[in-house]
């Protein structure tokens, strides 16, 4: 593809791929309706495909009939949801990302040992909400250095991070925490795949004329990819599908970088890459006529 760089890390991460496979297996193996606790991943195109297969999204066990099939979303849920599913007698398929599951286990263990839990992340993100559910929803959720200044001394403190936050942001906040609470126990729980994806996006953004970041508008890791790219490139377009690409965004000879969030399926990335190539070819042909 002429002057187009597609990131090797673009698309489904291990945790998302695993969740999709678990949901596909549940659909194949059970004649009963399959429910997911929240959207299985943050991608509306994928969700629409599953809805056409009869998969229903619910908020919790209270919406299930006894013995129903319930798939826990990749972002995970709190302990109370597991308890409710068990009480309902649901057939539970746990599609929680293993990286998120690790954070949940750290939080549960340290909460039981009397630590105050600090979660670095977005308080409204389902992963953070789920993690908080493993310490009786008693965690303090912070997202900036300023938030650290407002924290009181809780004695023993355990710090974890949303798996998709930007590494530089995490380190900045951790520095402030360690200055104020030198005895804090810190776990860098950022997913390694997230860090690799962010690093590659930054490298590509510095070598191209524009970046296209593909992913659902609700996807946290996609938003952060776009933020990182904007640090190095003024022309960054965050899109959900090829339909959003217009030939007018290109100039002759533009070198285009493409990356995608962890919840973006390969078929959407392929469509975007092909649309970019066709748009550039159309632009090239139109300029030749003048």
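Structure notes:
- Prolate is the label for segment 182-270, because a/c, from the alpha-carbon gyration tensor with a ≥ b ≥ c as root eigenvalues, is 1.5 or above and a/b exceeds b/c.
- On full extension, the segment bounded by residue 66 and residue 156 gains 28.2 nm, given 0.36 nm per residue less the C-alpha separation.
- Each 5 Å bin, from zero up to the one with the longest distance, holds this percent of the alpha carbon pairs of segment 1-94: 2, 13, 24, 22, 16, 8, 5, 4, 3, 2, 1, 0.
- For the chain, the relative contact order comes to 21 percent (Cα pairs under 8 Å, sequence separation of at least 6).
- Whole-angstrom gap from segment 136-180 to segment 5-41, using each part's C-alpha centre: 31 Å
- Kirkwood Rh and Cα Rg combined as Rg over Rh, evaluated for segment 34-183: 1.04
- Computed from Cα atoms, the angle from the helix 14-29 axis to the main principal axis of the chain rounds to 80 degrees.
- Remark: segment 132-290 projects, on average over all directions, an area of 11.2 nm² (convex hull of Cα atoms).
- For peptides 140-150, 261-271, 213-223, sequence by mean Cβ density within 10 Å, most packed first: 213-223, 261-271, 140-150
- Cα-based helix-to-principal-axis angle, 98-112 vs the chain, degrees rounded to 10: 30 degrees
- Based on DSSP H segments of at least four residues, each scored -39500 (n - 2.57), the chain has a per-residue ellipticity at 222 nm of -13500 deg cm²/dmol.
- Gain in span if fully extended, residue 137 to residue 168, counting 0.36 nm per residue against the direct Cα distance: 8.5 nm
- Principal-axis tilt of helix 220-232 within the chain, Cα atoms, nearest 10 degrees: 50 degrees
- Coarse-grained scattering of the chain at q = 0.08, 0.10, 0.11 Å⁻¹, given as base-10 log I(q)/I(0) from a Debye sum over alpha-carbon atoms: -0.40, -0.61, -0.72
- Inter-centroid distance (Cα atoms) of segment 199-226 relative to segment 79-109, Å: 31 Å
- Scaling the Cα radius of gyration of segment 99-186 by the globular reference 2.2 N^0.38 Å produces a ratio of 0.97.
Bear in mind that the values in this text are calculations on the coordinates, not laboratory data. Quick caveat: nothing in here was measured; it's all calculated off a predicted structure. Cβ atoms come from the backbone with ideal geometry, glycine included; neighbour counts cover every protein chain shown.
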